[in-house]
1. Can you find a residue that is more than 14 Å from every other protein chain (Cβ to nearest Cβ) and either in a strand (DSSP E or B) or of a type outside the set (Lys, Arg) (or both) anywhere in the range B:254-261?
2. Kindly check whether there is at least one residue in the range A:285-297 that is within 22 Å of the chain's Cα centre (by Cα) and under 30 Å from residue A:721 (Cα atoms).
3. When you scan the range B:87-110, how many residues do you find that are touching a residue at least 24 places away in the same chain (Cβ under 8 Å), touching a Leu at 6+ places or on another chain (Cβ under 9 Å) and either among the aliphatic types (A, V, I, L, M) or within 16 Å of residue A:217 (Cβ to Cβ) (or both)?
4. Counting just the residues of the range B:153-191 that are at pLDDT below 80 and among the hydroxyl-bearing types (Ser, Thr, Tyr), which one comes out surrounded by the most Cβ atoms within 10 Å (Cβ to Cβ)?
5. Working carefully through the options A:167, A:116, A:134, A:61, find the one that is surrounded by fewer than 18 Cβ atoms within 10 Å (Cβ to Cβ), of a type in the set (Asp, Glu) and touching a Pro at 6+ places or on another chain (Cβ under 8 Å).
6. Can you name the number of the only condition in (1) of a type in the set (Gly, Ala, Ser); (2) assigned to a helix (DSSP H, G or I); (3) within 12 Å of chain B (Cβ to nearest Cβ) that residue A:79 fails?
7. So if I check each of A:58, A:41, which one is in a loop (DSSP other than H, G, I, E, B) and in contact (Cβ under 8 Å) with a residue 24 or more places away in the chain?
8. I'd like to check which helices (runs of 4 or more DSSP H) are fully inside the range B:50-130 and have at least 2 residues that are over 25 Å from the mean Cα position of the chain (by Cα).
Amino acid sequence: MMCDFLFSLVCTGEIFELKAELNSDKKEKKKEAVKKVIASMTVGKDVSALFPDVVNCMQTDNLELKKLVYLYLMNYAKSQPDMAIMAVNTFVKDCEDPNPLIRALAVRTMGCIRVDKITEYLCEPLRKCLKDEDPYVRKTAAVCVAKLHDINAQLVEDQGFLDTLKDLISDSNPMVVANAVAALSEIAESHPNSNLLDLNPQTINKLLTALNECTEWGQIFILDCLANYTPRDDRESQSICERVTPRLSHANSAVVLSAVKVLMKFMEMLPKDLDYYGTLLKKLAPPLVTLLSAEPELQYVALRNINLIVQRRPEILKHEMKVFFVKYNDPIYVKLEKLDIMIRLASQANIAQVLAELKEYATEVDVDFVRKAVRAIGRCAIKVEQSAERCVSTLLDLIQTKVNYVVQEAIVVIKDIFRKYPNKYESVIATLCENLDSLDEPEARAAMIWIVGEYAERIDNADELLESFLEGFHDESTQVQLQLLTAIVKLFLKKPTETQELVQQVLSLATQDSDNPDLRDRGYIYWRLLSTDPVAAKEVVLAEKPLISEETDLIEPTLLEELICHIGTLASVYHKPPSAFVEGSRGVQHKRLPGSAGSGESVESPDTGSAAGVSEAPPAVIPSQGDLLGDLLNLDLTPPTTTGPPPPASSGMQMGAMDLLGGGLDSLMGTGFGAPPAAMPASFNVPVSGGLDDLFDLGGGVGMPMGVFNPPKTVWLPAMKAKGLEISGTFVRRAGVIQMEMTLTNKAMSVMTDFAIQFNRNSFGLAPAGPLQVLTPLSPNQSIEAALPLSTVGPVMKMEPLNNLQVAVKNNIDVFYFSCQYPISMLFAEDGKMERQVFLATWKDIPNDNESQFQIKDCHLNSDAASNKLQGSNIFTIAKRTVEGQDMLYQSMKLTNGIWVLAELRVQAGNPNYTISLKCRAPEVSQCVFQNYEMVLKN
Amino acid sequence: MIGGLFIYNHKGEVLISRVYRDDIGRNAVDAFRVNVIHARQQVRSPVSNIARTSFFHVKRSNIWLAAVTKQNVNATMVFEFLYKMCDVMAAYFGKISEENVKNNFVLIYELLDEILDFGYPQNSETGALKTFITQQGIKSQHHSKEEQSQITSQVTGQIGWRREGIKYRRNELFLDVLESVNLLMSPQGQVLSAHVSGRVVMKSYLSGMPECKFGMNDKIVIDKQGKTGSTEDGAKSGKQSIAIDDCTFHQCVRLSKFDSERSISFIPPDGDYELMRYRTTKDIILPFRVIPLVREVGRTKLEVKVVIKSNFKSSLLAQKIEVRIPTPLNTSGVQLICMKGKAKYKASENAIVWKVKRMAGMKESQISAEIELLPTNDKKKWARPPISMNFEVPFAPSGLKVRYLKVFEPKLNYSDHDVIKWVRYIGRSGIYETRC
């Protein structure tokens, strides 16, 4: 075989032979020699010594030979820069060749010769080629600009190539447009702050036109570029979406996924009640399912992406569970990903099917897959409460198989199920204990020990079981040692009489014989606790455990948003931001979804930079918090000068930012306090309130009580339903006056005038205290703020729910109706503080039937903070009592119609769940009052 | 973008190496060999990150193709490109084998130079490529000026898949509806999942630049016509229409037209191509039903009985029927009795393979097997893989019917009637499994 001979070519002696052949007169011989050189180069042999001889072959009219020589040049020019210059003349000449294919070849190759000296000679030919009459040359030249930029960025800028490249976006040939877009996108990536790809509606329109006509690859470049654009408003967003959706039927999966990326991103800007929004959601499901019939490698990429999409918008694929069922012959990487998605889609509706499948998988061959399937059964139990029982019995069945790793995995998940549903499934403990001996993995051993310790009072021989683990204490892993220590201490606290010896043994093992500082410290803590205050020890060790969350391993929201912007790319495959795996300046830029990112680039502002440590710490923080904080501080120092129209969004955060820019200071304070989310850890509270306090000082003249919580404005009347009039609003109570604050926006084409407002009869007699003050006509695309003072002396009718308010608004076009709900705290009077004695008497006086109890979950304030916060809404604390570490707050409030509500709020340190008892002569209001508590405390 | 592209043989020796970007060094070639090709365990992911460099790979027979990058590239595009690369190579020199790659390495370099520029995929339609890159060397130097500009406008143009001036004496069209029907059934006969993935594959030998329009019994189209047209017609054809879950098209189809009017119109490439792919899940005709019965007799014996029932018109014939019944690893002997066809125990595949050449519709056949097992002390239970089936039937299990395929060529004087059209339906088994 001749070619095998080519590939087997070795040793230095042959270099001389080749040299001779290269300088031969015979064309055929020359060509064969160059082929041999290339073959050696491929296998990694150094043939750079032949450089001059190969370059000599360049001046030929044989295109094949020429291409081979070029290939050699691209590889070795860098190592022999001086000699590479020898080739320049030929390139320059070729760039003038009448054959467009040769012109393109020359300019393409020149860009690949990464020698600084050559770049100077490249500029003139490149400039010509960028304006060549032939599209093939132009499309090649466009890419060449990117190549040159990679070698010498300054040169590209100085020579004005970037402008020429921008002009090519308007080229008549779609492929030229696509390559220009690709080149510009790449260059822009290494200049994050440049306005290189300045996308505006005109260029977007050009791109969308080219999208219909160019090759599949070009479509990908264009779609990826489009995804970086932020539309001005929902209408533009919708029209782009409409023009992108046909791409979902393309045979190339990359075109489909890039289109999905654009749609997922722009969808953020569409109002949820829009019909088109629903249509779009429906259109997304089928193409995603189709991706699963592609080749396995593509399926893998698609599944990694679907995993993200399902976390962001579970509704898209909620009915498609079946397509994620694992096929026997799927490659393992596809199987594992499918399993992950199955759990994410599991719900009450499909849980029976899912469980049947998971049980099937648990008997497969691949160990990783089986483990994951068993773990998945546990996750289903935790996610879908109704299925817990079935899951547990399935797990028990699996334990019966006695397959070692299945048993271990099952025990690990059963531990979590115990935590999620305490006192429900402990009957299975006996079965678990039977398998004690087969556990050899640390995680499973630790889980089993935890179970024994936690339920020591129900396991007769708990001490024996734990003692058996203790024998090889020092051979165990740290995880098991720590767990064993805790479990034995728990056991001792539950059965002190029989286990004294055991606990002493473990404490001395942990503190005296161990080198591990964690273990030692924990041992000492227990020891001191037990020796000084056994009651306190009990409270600490046997404290109620926080709930475990339903959804495990969800991607943190900020990261998820960023990854959604990277759908289809490597970042979405790794589930990591590009900065985690890309070197240099590329990829450092963080992308955000439009709806929640505010004005986009502000992410990189220096203000956030200084607070970076803070904003990255908490895992469950609402994404744009850092930005908002940055903005708040910004405002504190210098008033904002440029305010582009912020994109409309329904999230409260966004509204806050909008008010902040447009509205007055008082609305800032309202929303400012509403902004930090409940999940913020205590340590974060300090700097924030510091910053906010400053703000309050600034606005102190307005005379507002500290800490009033006013809900952010929400859209009451969408423009779709009111011929273009959009009303969003909220209720506030200032100095005893209830006000309805509204933003009226004209989204129609014509001017609106003659506004008036009327209320239907309602539960508390709310009525406008004066006419609606909208004096100037409202022209298209204009917004106006209106504050309507309300009285409480209007006609009364009981509404459902109680705080419902039906409103009619009239303008020159029509009358529109909507209903909204006001927080009942609007009705809490300032004189709602009851005398202690009166409170006591009234509490006793109200029959017990009128008492209702509620739970407020996940509230992390201490009792004083809660009391302060509530006071802002005219909920007054009359007395506080502390019993057994539990704070009881007694509170009162008075509604405008004279109804008193009495409350007892129980707060236990360390427990995020409050209990509240409400007593009132009109028990109907209790539900509303409770909702109000929840709202105030959580914001 | 793609920083480099390597092709290896099964031993990990480099056959082709083309580096597009500076950040990819020679050591990348070795990194992939050491960490992926020579890795002992099974491949756990088609994307691997080694020393901050990402490798994408696909395998064709025992040839590895790997694309390398250090940037956040569009991963879907990279894989699509690798497949396309395989298609292009196959179109030039047939099977992708070590020998073929070595024999054509100059051609492959030339192709790589053309279809991947600085890591950006360029036009990769073989129809267009073949006009100026050939196995016999480069044609273009002999082209006249018009020919040259025709090549470049085709490579970059709107209709990159077809060249002008094609002429046939006989205008002919072959249309194949190829469907693969997939099923997962529980032992009790409950359909766990079923879908048809279909392809419309065409061979067109048409002159000029013909405009084609393809119509099928798509429910959405029929319903729409039913509303506007006569009610009687709508009711009649409404019965036979099928609901298509999703479809994708060759790049020649005008997608925006499909999106707005749901009509499939296109200028076809010359020769073979795949016009569309589609998927249906409703009202699928399952050509065969498999009824398994497995009984464990003690620890050393299994009794298996499998009945297959054909479920289609009795005038039609199914072919190439094959039922594969997995057997445990500790099988020592198998006794087989079947009513029809031939059955064999294949120890190397751990399965009983039962083959039946032909079977008409509405028939039934069965096989019984007695499997002797060696006693083992392996605690692990046998996983009981599903019974799978292969077959071919002469109809479309989705119910898809071609309604028309119209051809218009305004410039040349042949009309739709002059085109000879052939339509064929073939239904094959995809993954057709019944758990036992």
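1. We begin by selecting, within the range B:254-261, every residue more than 14 Å from every other protein chain (Cβ to nearest Cβ); these are none.
No, the range B:254-261 contains no residue that is more than 14 Å from every other protein chain (Cβ to nearest Cβ) and either in a strand (DSSP E or B) or of a type outside the set (Lys, Arg) (or both).
2. As a first pass, look at the range A:285-297 and keep what is within 22 Å of the chain's Cα centre (by Cα): A:285, A:288.
From what's left, under 30 Å from residue A:721 (Cα atoms): A:285.
Yes, some residue in the range A:285-297 is within 22 Å of the chain's Cα centre (by Cα) and under 30 Å from residue A:721 (Cα atoms).
3. 5
4. Our first condition is that a residue be at pLDDT below 80; within the range B:153-191, this holds for B:153-160, B:163-164.
After this cut, where a residue has to be among the hydroxyl-bearing types (Ser, Thr, Tyr) as well, the list is B:153, B:156.
Details: B:153: 19, B:156: 27.
Among them, the one singled out is B:156.
5. On the way: A:167 fails: touching a Pro at 6+ places or on another chain (Cβ under 8 Å); A:134 fails: surrounded by fewer than 18 Cβ atoms within 10 Å (Cβ to Cβ); A:61 fails: touching a Pro at 6+ places or on another chain (Cβ under 8 Å).
Only one candidate qualifies: A:116.
6. Looking at each condition in turn, residue A:79 falls short on (2).
7. Details: A:41 fails: in a loop (DSSP other than H, G, I, E, B).
Being in a loop (DSSP other than H, G, I, E, B) and in contact (Cβ under 8 Å) with a residue 24 or more places away in the chain holds for just one of A:58, A:41, which is A:58.
8. Details: elements: B:75-93, B:98-103, B:105-115, B:126-129.
Counting at least 2 such residues, we get B:98-103, B:105-115.
The values are calculated or read from the model by the stated rules, or taken from the named source; none is laboratory data. Note that this is a predicted model, so its numbers are computed, not measured. Quick reminder, even Gly has a Cβ in these numbers, built from the backbone with ideal geometry, and neighbours come from all protein chains shown.
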